[in-house]
1. It is to be established whether one or more residues within segment 32-50 are touching a helix residue (DSSP H, G or I) at 6+ places or on another chain (Cβ under 7 Å), closer than 18 Å to Trp210 by Cβ and open to solvent by less than 90 Å² (accessible area, probe 1.4 Å).
2. Residue check: is Ser197 surrounded by fewer than 24 Cβ atoms within 10 Å (Cβ to Cβ), modelled with pLDDT of 95 or more and either at negative phi or under 12 Å from the mean Cα position of the chain (by Cα) (or both)?
3. Output the residue which, of all residues in segment 229-254 that are open to solvent by 30 Å² or more (accessible area, probe 1.4 Å) and touching a residue at least 24 places away in the same chain (Cβ under 8 Å), is farthest from the chain's Cα centre (by Cα).
4. Given the structure, is Thr61 open to solvent by less than 10 Å² (accessible area, probe 1.4 Å), at pLDDT 95 or above and either within 17 Å of the chain's Cα centre (by Cα) or within 22 Å of Leu265 (Cα to Cα) (or both)?
5. Just to be sure, is Ser293 within 26 Å of Asp136 (Cα to Cα), among the polar types (S, T, N, Q) and open to solvent by less than 10 Å² (accessible area, probe 1.4 Å)?
6. Please count how many residues of segment 64-110 are in contact with a Phe, Trp or Tyr (Cβ under 7 Å, 6 or more places away or on another chain), in a helix (DSSP H, G or I), farther than 21 Å from Gln120 by Cα and open to solvent by 10 Å² or more (accessible area, probe 1.4 Å).
7. Do we find a residue being hydrophobic (A, V, I, L, M, F, W, C), at positive phi and surrounded by 15 or more Cβ atoms within 10 Å (Cβ to Cβ) anywhere in segment 213-228?
8. Just a yes or no: is a residue in segment 35-49 more than 19 Å from the chain's Cα centre (by Cα), in a helix (DSSP H, G or I) and among the acidic types (Asp, Glu)?
Amino acid sequence: MKDLSEYRSEFLITNNYSFFNNASTSAPPVRVIKAVSDLMLQFGNEGFMAYREWMKTVERTRLLFAQLINADPSEICFSTNTSEALSTVAGGLSWKPGDKIIVPVPDFPSNVYPWLNLEQFGVEIIFIQRKEGRFDLSDITARIKPGTKLIAVSSTDFITGFRCDLEELGNFCRREGILLCVDAIQSLGAIPLDVKSCGVHFLACGGHKWLLSAMGIAALYVSREADHLIHPARVGWRSVENEEDFYNLELKLKTDARRFEAGTLNVAGITALGTALDMLLEIGIERIFERISGLNDIISSELEGRNFRLISSMEPGHRSAILSFMPDDAANLLKHLFKRKVLAAQRGNLIRLSPHFYNDQSDIKRLCEALDSY
């Protein structure tokens with residue numbers, strides 16, 4: 001088993017910055033850059049002659065993503081981003097006036113707008129107010145009303161890093177006959193997630209954050225349990241069983257999640273995602289989360305020693321890969337960090353740090369030196 005320090009050289013970003021911004025857009029490793037470059041060179045030299053080879057890459061990536069979340073490959077389809085994947089769910093379910101959806105907020109707009117768009121059909125959106133990113137099952141049960149059809153939640157809060165108890169929530173949804181839809185973009189790649197044990201019906205995740213791949217590629221999980229409830233709002237030549245029969249047209253949709261892939265796929269993005277998943281699974285997500293947690297333990301101690309107020313939960317069941325703290329002036333501090341080659345993010349009045357497994361003590365040292373010189 002390779003030491004995690006051996007992977008650091010794959011991340012070119014480390015030559016220029018201490019990078020603590022994987023919760024925004026990650027910097028891909030060299031192997032991902034090379035895989036996409038090789039693909040485009042092959043395309044340039046051979047044109048479409050390598051199509052069959054590319055489709056093997058697509059199916060292998062589907063298998064790897066399924067492995068990541070403990071699903072079956074038939075339950076996985078590719079999309080362009082988390083917003084589109086969640087919109088596929090929102091637009092594919094059958095709604096009637098009086099149906100209700102529960103959404104904890106604040107949340108990233110990707111997990112709000114697709115549901116608000118259903119108000120035109122008489123669907124009621126019930127917002128649960130987070131408190132510094134936190135909520136628990138009692139907050140949800142207090143707002144449950146007859147007609148509640150779905151709960152849409154982010155696995156990890158994008159502002160504070162609070163990680164909800166998906167297993168507890170999934171068990172509740174099972175008992176109550178409610179669908180559970182998860183935006184997992186702030187956890188997959190950094191934190192283990194098992195859709196079966198958590199009772200998740202739908203899960204969406206873009207590849208450009210903790211999955212270390214590329215913008216413009218995402219995956220959607222549609223559980224077999226809920227597959228019959230969702231119909232594609234958009235279909236195309238790849239949605240049907242005989243996708244390469246362009247002459248005997250018959251709208252016979254595929255019977256698994258691939259029916260939501262309407263047309264030509266983002267092969268470059270899928271190649272990037274598959275290559276990154278290979279690396280993440282090679283390391284092991286449990287090992288990755290242990291590494292990130294260790295880094296954040298050190299960082300949190302350094303922050304508290306400098307009298308910064310830590311907002312993120314450090315409780316074992318609710319901590320994530322995100323560490324947010326409150327300075328006196330977040331905007332000015334962020335500018336100072338940038339000048340000192342420390343890349344983080346500002347969310348409201350907070351500074352958000354989001355290290356990955358390849359960060360090390362040298363990054364923490366630079367961060368501390370930047371804070372001390374502010």
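The values are calculated or read from the model by the stated rules, or taken from the named source; none is laboratory data. Predicted, not measured: the structure shown is a model, and the values here were computed from it. Neighbour counts run over all protein chains shown; Cβ positions are idealised from the backbone, glycine included. Each accessible area value is taken on the protein alone, full model and side chains, heavy atoms only, with ligands, DNA and RNA left out. Shrake-Rupley method; radii C 1.70, N 1.55, O 1.52, S 1.80 Å.
1. yes
2. yes
3. To start, the set of residues in segment 229-254 that are open to solvent by 30 Å² or more (accessible area, probe 1.4 Å) comprises 229, 231, 233-235, 237, 241-253.
Next cut, touching a residue at least 24 places away in the same chain (Cβ under 8 Å) only: 229, 231, 233-235, 237.
Values: Leu229: 23, His231: 23, Ala233: 23, Arg234: 23, Val235: 25, Trp237: 28 Å.
My answer is Trp237.
4. Details: open to solvent by less than 10 Å² (accessible area, probe 1.4 Å): yes; at pLDDT 95 or above: yes; either within 17 Å of the chain's Cα centre (by Cα) or within 22 Å of Leu265 (Cα to Cα) (or both): yes.
In short, yes.
5. On the way: within 26 Å of Asp136 (Cα to Cα): yes; among the polar types (S, T, N, Q): yes; open to solvent by less than 10 Å² (accessible area, probe 1.4 Å): no.
No, not satisfied.
6. Number of matching residues: 0.
7. So far as segment 213-228 goes, no, none of its residues is hydrophobic (A, V, I, L, M, F, W, C), at positive phi and surrounded by 15 or more Cβ atoms within 10 Å (Cβ to Cβ).
8. To start, the set of residues in segment 35-49 that are more than 19 Å from the chain's Cα centre (by Cα) comprises 35-49.
Those left that are additionally in a helix (DSSP H, G or I): 35-49.
From the residues that got through so far, the ones that are among the acidic types (Asp, Glu) too are 38, 46.
For segment 35-49, residues more than 19 Å from the chain's Cα centre (by Cα), in a helix (DSSP H, G or I) and among the acidic types (Asp, Glu): present.
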